[in-house]
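Chemist: One structure coming up, written as structure tokens, with questions to follow.
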Amino acid sequence: MNATINFNTVKPSKFTLSQRRASYYDVSDIIMASRFKVEDAEVKALEDIDLIYRALCAVLYNFAPLSGHPGGSVSSGRIAQALLFSTMDYDFSDPQRKEADIISYAAGHKALGLYALWALRNELLRSAGADLPEEKYQLRLEDLLGFRHNAVTGTPLFRKFGSKALDGHPTPFTPFLKLATGASGVGVGATAGLALAAADVYGANCPRVHMIEGEGGLTPGRVSEALAAAATAQLSNLVMHVDWNQSSIDSNNVCSEKSRPGDYVQWNPGELAYLNDWNVIHVANGHDFFQILSAQQFARGINSQPTAIIYRTVKGWKYGIEGSPSHGAGHAFASDGYYATLNDFEARFGVKVPRYCAAKPSPEAVEACFYETLLAVRKAVENAPSTAAFALQKINEAASRLSAAGRNPLEKAPSPEKAYELDPAEVPAALILEPGKQATLRETLAEVLNHAGRVTGGAVMAASADLYGSTSVRLAGRGFGEGFFNAVTNPGARLVSAGGICEDGMGALMSGLSSFGSHIGVTSSYAAFIAPLEHISARMHAIGQQGRRDLDGKPFDTFIMINAHSGLKTGEDGPTHADPQALQLLEGNFPRGSMITLTPWEPQEIWPLMAAALNARPAVIAPFVTRPAEKILDREAAGLPPAAKAVKGLYPLLKAGRGQRHGTIVLQGNGVTTIFVNEVLPELKKLALNLNIFYVASRELFDLLGDAEKEKIYPARLAGEAMGITDFTAPTMHYWVSSAEGRARTLHPFRNGRYPGSGRSADVMKEAGLDGPAQLEAVKKYAEFTALQK
């Protein structure tokens, strides 16, 4: 049947958004108000600063070599300069002041501009005779020799001046930064986490958190999740400065604009922000200091909802290359185009940059030319004493405003330190589990987190992907405010609404919360989802914590990602949810000490493992917990060692006695181990098989032990004979099982070459060949083989 339905006679309905708590403003209206008047002298001084800044951006790209993102660094430059010299309240002499306003380069690819601006600020203040902080908290002109260079760089000037190795994207190794950024969209959520932390510690009189981002950086899905979370929590101290230049790597028409459809998205940044209940200030010319300063000063007075200032700019403005060609590329080394970008700078400040660089292409000669160019920048600053004096005046005013603001932590502000001091051997009375009763691993973990929250004054805050009850993490917030945190209406709550089913944005948000240094952020979802979706946030947090520790020497601030409903025991949900691969994504895939995975097999191991992991203070803790309830064992009566033995990461459930041995079994995971202990172990004892049986509670806790202690617990010869039985993938056993024979005999969920299907956990374990009879048969065959070999 062919039929054509004609809609031409149906008039479209009018659509309007429902009432927002936020408001929309245009800077043209703000400029008309006398209270936001910008002085001509301030604009003139900032124009000079920007001219030097743009010259430095060109120089950095030229000498990197030819590496970085000049276009976006230039187009966002005036936005950042206005923040540093006019808008933010902070103390340049003390980058560690927690009550200071924060700047975050969520657009991490603008690092070239960040370093240029930081070094220029330092040089202006040095020239004006300011008292500078100790050198490690400065970023000097000489440090620019290390842009996109490794710490092992051996060129002579890099070594002579002790230049910092400045990564291609920012980390907290750079003073005043709290986050590592650059991975698509993570910076927005993590910056929102900083704002959440600041609001929780300081209340209404809290630091403002300024983030710099571009429209391309708003396109990842995790950004929409973060925008929703920030608005829902009413984080009015969060201000997003969007460098809307319409140009990405491959497009000069990222968003829709003036009825023209966008290449990537069909919104503009103002629409996206306002849809998510953010205040919006539209700045038509993001290169006009009058408009920039007016918008930023107006935003200081907004005390409801987060705010987005949308600056329409041109990528690569006055660089000689505009739009997408300037995104991650620029002028050829020492080319006429490069030198042309410096003409206005040279004329204005009466300096000349060297032009011999291309004639001597060796690394040492190029570095010498680079340094000589930086000396020309230094001379330009010295030739503009009024500009340096302006910078010093503005920095002093920023420090004065900060002191006058009287920001102090709330009387009951959280502090996480006591959580890092929990004693693995001393289980609190309320958390002692009674043998014979039932408990879930997930619920027990939540109770431990609740205890940590209580002893720290609420430092533990938790979010979940719409699974607060299902994963039991709701219990972590028990005894504090009911419901979800809201900076205005419910500031006492410890549960955070992270935008719904939003593992991506949630990981960024809660890792940013931890990065502030006053909280332990917790996320929770299915292991199958959270391990892959929050891997980037976890990695960025670990990188950020490494950079911050390199700067100030302080230990990591921990972020916890709960891998709940782990493994095949989530059988009814089927292979889409009961995925054994999650552990492999995290275990052994981070630098030593930065990630600790935990795989307890019964609830009594939760307390000692979590306490031990917190004592170790990694950047990330990733516990794996299952869904079904477990019967609490009387471990002593069962002939098992106490649960506290798990803190070593690996411990023997049973040691082989004297006489002929039948090998070594290594277990990991609640599912296989519960079956092994209750069904297989009694049969092995009847058969008089003389076996070593080890349990893996945490590979990373084991790795933190000294070599001698590791060899004592688990000698290499045992790894050479062992076979494994695991809830997880075969490669997670390779650390413990080193022989080809042992690996071939190892039981794991994919041994049969397929994803197991749905059903009761017992049925799924049987299908995977991990049930009691299958385990027993495999161990018997292994024992026979081992006896013959011996």
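The values are calculated or read from the model by the stated rules, or taken from the named source; none is laboratory data. Not measured: the values here are computed from a predicted model. FYI the Cβ positions are ideal-geometry reconstructions off the backbone, even for glycines, and counts take in every protein chain you see. Keep in mind that these areas ignore ligands, DNA and RNA; they rest on the heavy atoms of the full protein, side chains included. Shrake-Rupley method; radii C 1.70, N 1.55, O 1.52, S 1.80 Å.
Chemist: Tally up the residues in region 87-108 that are among the aromatic types (F, W, Y) and touching a Ser or Thr at 6+ places or on another chain (Cβ under 6 Å), please.
Modeler: Going residue by residue through region 87-108, those that are among the aromatic types (F, W, Y) are 90, 92, 105.
Narrowing further to those that are touching a Ser or Thr at 6+ places or on another chain (Cβ under 6 Å): 105.
Residues that pass the stated criteria total 1.
Chemist: Now a separate question. Filter region 413-443 down to the residues that are touching a residue at least 12 places away in the same chain (Cβ under 8 Å) and of a type in the set (A, V, I, L, M) and list them by number. Before you say what the answer is, go through the steps one by one.
Modeler: First, pick out the residues of region 413-443 that are touching a residue at least 12 places away in the same chain (Cβ under 8 Å): 413-425, 427-428, 430-431, 433-443.
Scanning region 413-443 gives A413, A419, L422, A425, V427, A430, L431, L433, A439, L441.
Chemist: So in region 62-79, with the set limited to residues that are small (G, A, S) and surrounded by fewer than 24 Cβ atoms within 10 Å (Cβ to Cβ), which one is modelled with the lowest pLDDT?
Modeler: Residues of region 62-79 that are small (G, A, S), as a first pass: 64, 67-68, 71-73, 75-77.
Going one step further and asking which of them are surrounded by fewer than 24 Cβ atoms within 10 Å (Cβ to Cβ), we end up with 64, 67.
Details: A64: 86, S67: 75.
Among those that are small (G, A, S) and surrounded by fewer than 24 Cβ atoms within 10 Å (Cβ to Cβ), it is S67.
Chemist: Of everything in region 523-551, what is touching a residue at least 60 places away in the same chain (Cβ under 8 Å) and open to solvent by 30 Å² or more (accessible area, probe 1.4 Å)? Give them in sequence order.
Modeler: F529, I536, R539, I543, Q546, R548, D550
Chemist: Could you check how many residues of region 648-661 are farther than 22 Å from E434 by Cβ, modelled with pLDDT of 95 or more and open to solvent by less than 50 Å² (accessible area, probe 1.4 Å)?
Modeler: Final tally of qualifying residues: 4.
Chemist: OK, next. Which of the residues belonging to region 708-749 are free of Cβ contacts under 8 Å to residues at least 12 places away in the same chain and within 31 Å of the chain's Cα centre (by Cα)?
Modeler: The one that is free of Cβ contacts under 8 Å to residues at least 12 places away in the same chain and within 31 Å of the chain's Cα centre (by Cα): H734.
Chemist: Follow-up. Out of region 765-790, which residues are open to solvent by less than 50 Å² (accessible area, probe 1.4 Å) and over 19 Å from G669 (Cα atoms)?
Modeler: Going residue by residue through region 765-790, those that are open to solvent by less than 50 Å² (accessible area, probe 1.4 Å) are 765, 768-772, 774-776, 778-779, 782-783, 786-787.
Those that are open to solvent by less than 50 Å² (accessible area, probe 1.4 Å) and over 19 Å from G669 (Cα atoms): Y782, A783, T786, A787.
Chemist: Moving on to the next point. Go through (1) among the small types (G, A, S); (2) surrounded by fewer than 21 Cβ atoms within 10 Å (Cβ to Cβ); (3) touching a helix residue (DSSP H, G or I) at 6+ places or on another chain (Cβ under 8 Å) for A688 and report which single condition fails.
Modeler: (3)
Chemist: Filter region 181-193 for residues that are touching a Gly at 6+ places or on another chain (Cβ under 6 Å) and open to solvent by 10 Å² or more (accessible area, probe 1.4 Å) and give the result.
Modeler: Hit for region 181-193 is G182, nothing else.
Chemist: Out of curiosity, is E709 open to solvent by 40 Å² or more (accessible area, probe 1.4 Å) and closer than 22 Å to H662 by Cβ? Can you show your working first?
Modeler: Details: open to solvent by 40 Å² or more (accessible area, probe 1.4 Å): yes; closer than 22 Å to H662 by Cβ: no.
Answer is no for this residue.
Chemist: Looking at (1) touching a Phe, Trp or Tyr at 6+ places or on another chain (Cβ under 8 Å); (2) open to solvent by less than 70 Å² (accessible area, probe 1.4 Å), can you tell me which one T440 breaks?
Modeler: If we test T440 against (1) touching a Phe, Trp or Tyr at 6+ places or on another chain (Cβ under 8 Å); (2) open to solvent by less than 70 Å² (accessible area, probe 1.4 Å), just (1) comes out false.
Chemist: Scan region 587-600 for residues that are of a type in the set (S, T, Y) and part of a loop (DSSP other than H, G, I, E, B) and jot them down.
Modeler: Residues of region 587-600 of a type in the set (S, T, Y): 594, 597, 599.
S594, T599, listed by residue number.
Chemist: Let me ask something else. Can you work out which of the residues in region 118-153 that are open to solvent by 10 Å² or more (accessible area, probe 1.4 Å) and over 31 Å from the mean Cα position of the chain (by Cα) is farthest from I49 (Cα to Cα)?
Modeler: Among those that are open to solvent by 10 Å² or more (accessible area, probe 1.4 Å) and over 31 Å from the mean Cα position of the chain (by Cα), it is D131.
Chemist: Give region 32-47 a look and list any residue that's within 28 Å of S304 (Cβ to Cβ) and either open to solvent by 70 Å² or more (accessible area, probe 1.4 Å) or aromatic (F, W, Y) (or both), or say none.
Modeler: Scanning region 32-47 gives M32, S34, R35, F36, K37.
Chemist: Considering (1) of a type in the set (A, V, I, L, M); (2) buried (at least 16 other Cβ atoms within 10 Å of the Cβ); (3) at pLDDT 95 or above, say which one V366 fails and leave the rest.
Modeler: Failing condition for V366: (3).
Chemist: Report, by residue number, each residue of region 458-482 that is touching a residue at least 12 places away in the same chain (Cβ under 8 Å) and open to solvent by 40 Å² or more (accessible area, probe 1.4 Å).
Modeler: Filtering region 458-482 for residues touching a residue at least 12 places away in the same chain (Cβ under 8 Å) gives 458-468, 470-481.
D466, S470, R474, L475, R478, G479, F480 - these are the residues of region 458-482 that are touching a residue at least 12 places away in the same chain (Cβ under 8 Å) and open to solvent by 40 Å² or more (accessible area, probe 1.4 Å).
Chemist: Restricting region 579-612 to residues that are among the aliphatic types (A, V, I, L, M) and open to solvent by 10 Å² or more (accessible area, probe 1.4 Å), which is farthest from the chain's Cα centre (by Cα)? Steps first, answer last, please.
Modeler: So in region 579-612, the residues among the aliphatic types (A, V, I, L, M) come out as 582-583, 585-586, 595-596, 598, 606, 609-612.
Okay, now just the ones that are also open to solvent by 10 Å² or more (accessible area, probe 1.4 Å), so 585, 612.
Numbers: L585: 16, A612: 23 Å.
Among residues in region 579-612 that are among the aliphatic types (A, V, I, L, M) and open to solvent by 10 Å² or more (accessible area, probe 1.4 Å), the one farthest from the chain's Cα centre (by Cα) is A612.
Chemist: Sticking with this one: Among the listed residues P325, P361, which satisfies the condition of being assigned to a helix (DSSP H, G or I) and at pLDDT below 95? Give the steps one after another, and end with the answer.
Modeler: Numbers: P361 fails: assigned to a helix (DSSP H, G or I).
Step by step, each of P325, P361 is checked, and only P325 is assigned to a helix (DSSP H, G or I) and at pLDDT below 95.
Chemist: To continue, here is another question. Of the residues T87, T9, which is under 29 Å from C206 (Cα atoms), of a type in the set (S, T, N, Q) and either surrounded by fewer than 23 Cβ atoms within 10 Å (Cβ to Cβ) or at pLDDT 95 or above (or both)? Give the steps one after another, and end with the answer.
Modeler: Details: T9 fails: under 29 Å from C206 (Cα atoms).
Going through T87, T9 in turn, the sole match is T87.
Chemist: Given the residues A688, A697, A656, which is the only one that is free of Cβ contacts under 8 Å to residues at least 24 places away in the same chain, out of contact with any Cys (no Cβ under 6 Å at 6 or more places or on another chain) and not aromatic (F, W, Y)?
Modeler: On the way: A697 fails: free of Cβ contacts under 8 Å to residues at least 24 places away in the same chain; A656 fails: free of Cβ contacts under 8 Å to residues at least 24 places away in the same chain.
Just one listed residue meets the conditions, A688.
Chemist: Here's a check for you: in region 268-314, which residue that is free of Cβ contacts under 8 Å to residues at least 40 places away in the same chain and of a type outside the set (D, E) is nearest to K258 (Cα to Cα)?
Modeler: N285
Chemist: Within region 728-764, take every residue that is open to solvent by less than 10 Å² (accessible area, probe 1.4 Å) and in a helix (DSSP H, G or I) and give me the one that is nearest to A629 (Cα to Cα).
Modeler: Among those residues, the one meeting the criterion is V764.
Chemist: Further question: So F15 ticks every box in (1) free of Cβ contacts under 8 Å to residues at least 24 places away in the same chain; (2) surrounded by 24 or more Cβ atoms within 10 Å (Cβ to Cβ); (3) among the aromatic types (F, W, Y) but one. Which box is left unticked?
Modeler: (2)
Chemist: Inspect all residues belonging to region 53-61 and state whether any of them is touching a residue at least 40 places away in the same chain (Cβ under 8 Å) and open to solvent by 10 Å² or more (accessible area, probe 1.4 Å). First the steps, then the outcome.
Modeler: Narrowing region 53-61 to residues touching a residue at least 40 places away in the same chain (Cβ under 8 Å): 53-61.
Of the ones still in play, those that are also open to solvent by 10 Å² or more (accessible area, probe 1.4 Å) are 54, 61.
Yes: region 53-61 contains one or more residues that are touching a residue at least 40 places away in the same chain (Cβ under 8 Å) and open to solvent by 10 Å² or more (accessible area, probe 1.4 Å).
Chemist: Out of the residues in region 398-422 that are surrounded by fewer than 13 Cβ atoms within 10 Å (Cβ to Cβ) and touching a helix residue (DSSP H, G or I) at 6+ places or on another chain (Cβ under 9 Å), which is nearest to A204 (Cα to Cα)?
Modeler: So, considering only residues that are surrounded by fewer than 13 Cβ atoms within 10 Å (Cβ to Cβ) and touching a helix residue (DSSP H, G or I) at 6+ places or on another chain (Cβ under 9 Å), the one nearest to A204 (Cα to Cα) is N408.
Chemist: Continuing with the same structure: Taking the condition surrounded by fewer than 18 Cβ atoms within 10 Å (Cβ to Cβ), modelled with pLDDT of 95 or more and polar (S, T, N, Q), does S23 pass? Break it down into steps so the answer makes sense when it comes.
Modeler: On the way: surrounded by fewer than 18 Cβ atoms within 10 Å (Cβ to Cβ): yes; modelled with pLDDT of 95 or more: yes; polar (S, T, N, Q): yes.
So S23 fits the description; yes.
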